[in-house]
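Q: One structure, pasted below without further comment.
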Amino acid sequence: MNSQKSWIICCFFNFLIACVFGLIMRLMHLFSIDFLNYSFLLHAHSHVAMLGWVYLIIYVLIVRFFIPKEKSQKSIYNRLFWLTEFSVIGMMIAFPIKGYALFSILFSTIHILLSYVFCRLVWKDCSNEKSPAQRLLLASILFMVLSTCGVWCLGPAVSTLGKQSAFYQIAIQFFLHFQFNGWFILAILALFLKQFQDKIDKTRFNKFYLLMIVSTLLTVAFPIRWFVKNNILNYSNALGVLTQVGAFIYFYKMLKPQKGYFKSTLDKNTKIVYGLALCSLFLKVGIQLLTIFPNLAEVSHQIRNFVIGFIHLTTLGIITGFVFGLLLQNKILPAHSSILKIGVKCFILGYIATEVLLFLQGWLFFFAKGKITFYYQSILVFSLLLVLGLSLIMASIINKKQEPIYY
């Protein structure tokens with residue numbers, strides 16, 4: 001099997017396992033499953049989704065699109081991929097059994113150390129051209145390294161102040177903010193911009209780039225203000241989300257001249273998943289804009305449905321949407337496979353339906369209107385569609401005949 005085809009299958013396997021963990025958690029709201037710990041399963045679900053799916057699929061796509069062919073075929077990339085997958089498998093097993101304990105922390109630490117190796121390789125092996133897409137990619141790499149400062153603060157936070165302290169909680173939120181809004185989002189946008197073959201207005205890109213970096217740095221104030229009451233944090237977040245709106249106005253202006261030609265090169269399924277990703281992205285920007293209002297900012301983390309809905313909006317809608325688009329556009333997935341088409345439709349339906357249920361239920365809680373009838377049953381059924389969709393997509397990749405899938 002082509003080694004990079006096996007990388008793709010491995011990433012989708014991780015994604016499928018993360019979705020199965022999520023499905024079991026939905027099931028636990030309806031049935032008592034005594035031998036499983038919900039909290040441990042939640043840690044397993046989040047770590048495998050973030051580090052096994054999002055991190056590794058971005059790894060694969062960066063190697064594919066940004067590392068010159070002669071360098072990307074070096075064995076170091078293959079060894080590093082499988083070592084990283086080993087750490088993910090370790091988390092997959094350790095978290096459901098013991099939660100945050102010796103082995104899960106060990107495998108998580110190994111993953112971070114391996115990510116530093118990857119950062120160094122990308123920085124060294126990227127071509128010398130300073131294209132817009134490459135500049136955005138290198139910024140995302142810096143944000144990834146910055147995010148890990150939060151992880152290294154966890155040990156001292158626990159030993160000095162304990163897990164309930166503001167310091168401990170802020171360290172976690174610092175890591176998550178720069179992982180999602182810095183590393184993941186900027187890397188996936190860099191990969192998307194690469195598809196325009198750098199035929200974009202560099203003046204508009206420079207404005208977008210600067211505003212995105214400023215907004216990412218400023219909006220870290222939002223999760224910090226949950227634990228530290230200070231008006232400066234409110235102003236910082238407000239300025240950050242307004243700056244982000246400005247960034248995406250330039251993003252739209254930058255891509256608008258290329259939109260017609262770009263769409264003409266895509267098939268129907270690719271247009272759908274890119275459309276889903278872009279709609280999710282602008283919805284995320286809109287939701288963050290609402291956090292300017294103090295009462296909405298306060299409930300955003302108190303109502304669990306909003307938290308889960310927002311995380312899924314980022315991981316399933318934006319990141320996975322763009323990933324599916326990139327894989328279909330570049331024929332890495334078998335675009336004409338009927339199994340794949342059904343799988344993608346199942347996944348999209350499952351994503352949209354679960355998001356609608358999560359946010360609708362969140363608003364009902366906000367207005368003290370109680371619970372949607374058969375809420376847990378409905379969200380379980382639509383979560384099944386996510387698992388079914390991923391299973392079909394995986395089956396289509398495994399059955400794909402043509403090799404190699406990359407070069």
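Q: Based solely on C-alpha atoms, express the radius of gyration and the Dmax of region 1-59 in angstrom.
A: Values for region 1-59 (Cα only, Rg and Dmax): 13.6, 43 Å.
Q: How much mean residue ellipticity at 222 nm does the chain get from its helices, if each DSSP H run of length 4 or more adds -39500 (n - 2.57) and you divide by all residues, to the nearest 500 deg cm²/dmol?
A: Computed ellipticity for the chain at 222 nm equals -25500 deg cm²/dmol.
Q: What's the magnitude of the charge dipole for region 140-299 around its Cα centre, counting Lys and Arg as +1 and Asp and Glu as -1 at the beta-carbon? Answer in Debye, nearest 20.
A: 500 debye
Q: What per residue convex hull volume, in Å³, comes out for the chain when only alpha-carbon positions are used?
A: For the chain, the hull spanned by Cα atoms encloses 144 Å³ per residue.
Q: Work from the charge dipole of region 90-209 (Cβ charges, +1 for Lys and Arg, -1 for Asp and Glu, about the Cα centre) and give the residue of S159, L121, Y209 farthest towards its positive end.
A: Towards the positive end, the residue furthest out is Y209.
Q: Next question. Give me the orientation-averaged projected area of the Cα convex hull of region 177-277, in nm², one decimal.
A: Averaging across all directions leaves 7.0 nm² for the Cα convex hull.
Q: Right, something else. Give me the dipole magnitude in Debye, nearest 20, for region 245-339 about the Cα centre, with unit charges on the beta carbon: positive for Lys and Arg, negative for Asp and Glu.
A: So the magnitude is around 340 debye.
Q: Could you size up the charge dipole of the chain around its Cα centre, putting +1 on the beta carbon of Lys and Arg and -1 on that of Asp and Glu, and report it in debye to the nearest 20?
A: The dipole magnitude comes to about 900 debye.
Q: With the dipole of region 169-261 worked out from charges on the C-beta (+1 for Lys and Arg, -1 for Asp and Glu) around the Cα centre, which of A221, I170, L193 lies farthest toward the positive end?
A: Of the candidates, L193 comes out farthest on the positive side.
Q: Then there is this: Just check region 112-241 against the gyration tensor rule for me: Cα atoms, a ≥ b ≥ c as the square roots of the eigenvalues, rounded for a/c under 1.5, and otherwise prolate or oblate depending on whether a/b exceeds b/c.
A: In terms of gyration-tensor shape, oblate.
Q: A further question on this structure: Going down the list K74/K256; K199/K268; K5/K194; K5/K271; K194/K341; K71/K199, which pairs span over 32 Å between their C-alpha atoms?
A: K74/K256
Q: Considering only Q329, A101, Y235, whose Cα is most displaced toward the positive end of the charge dipole of the chain, charges sitting on Cβ of Lys, Arg (+1) and Asp, Glu (-1)?
A: Positive-end residue among those listed: Q329.
Q: Obtain the nm distance between the two label points defined at K124 and L290 by a simple spin-label model: each point lies 7 Å from its Cα along the Cα-to-C-beta direction.
A: Result for the modelled spin labels: 4.7 nm.
Q: Rounded to whole Å, give me the distance from the Cα center of region 177-239 to that of region 94-114.
A: Rounded to whole Å, the Cα centres lie 29 Å apart.
Q: Another question about this same structure. Considering only the other residues whose Cβ falls under 12 Å of the Cβ of A335, what net charge follows from Lys and Arg at +1 and Asp and Glu at -1?
A: Summing Lys/Arg as +1 and Asp/Glu as -1 gives +4.
Q: Report the percentage of all Cα-Cα pairs in region 23-164 whose separation exceeds 26 Å, rounded to a whole percent.
A: 36 percent
Q: Another question about this same structure. Across the Cα atoms of region 82-123, what radius of gyration and what greatest pairwise Cα-Cα distance (Dmax) are found, in Å?
A: Both quantities, over Cα of region 82-123: 11.2, 37 Å.
Q: By a straight-distance test (C-alpha under 23 Å), which lysines pair with K229 as possible cross-link partners, with residues fewer than eight away in the same chain excluded?
A: List returned: K163.
Q: Find the centroid of the Cα atoms in region 66-81 and in region 258-307, then give the distance between the two in whole Å.
A: Measuring centre to centre over Cα atoms gives 33 Å.
Q: Related question: Could you pull the Rg and Dmax for region 68-144, using just the Cα atoms, both in Å?
A: My reading of the Cα-based Rg and Dmax gives 15.3, 47 Å.
Q: Counting alpha carbon pairs within less than 8 Å and at least 6 residues apart, what relative contact order, in whole percent, applies to region 242-341?
A: Taking the mean separation of contacting Cα pairs over the length of region 242-341, I get 37 percent.
Q: Compute for region 255-381: radius of gyration divided by Kirkwood radius, i.e. Rg/Rh, restricted to C-alpha atoms, rounded to two decimals.
A: Taking Rg over the Kirkwood Rh, I get 1.05.
Q: Below 8 Å between Cα atoms, with a sequence gap of 6+, how large is the relative contact order for the chain in percent?
A: Relative contact order, the chain: 16 percent.
Q: In square nanometres and to one decimal, what's the mean projected area of the convex hull around the Cα atoms of region 311-407?
A: With the hull built on Cα positions only, its mean projection is 6.7 nm².
Q: Expressed in nm to one decimal, what extension gain is obtained for the pair L23 and K69 from 0.36 nm per residue of sequence separation less their Cα-Cα distance?
A: 12.6 nm is the gain from fully extending L23 to K69.
Every number here is computed from the coordinates shown, using simple stated rules; none is lab data. Values in this document were obtained by computation on a predicted structure and should not be read as measured data. Here the Cβ is made from the backbone with ideal geometry for all residues, glycine too, and neighbour counts use every protein chain on show.
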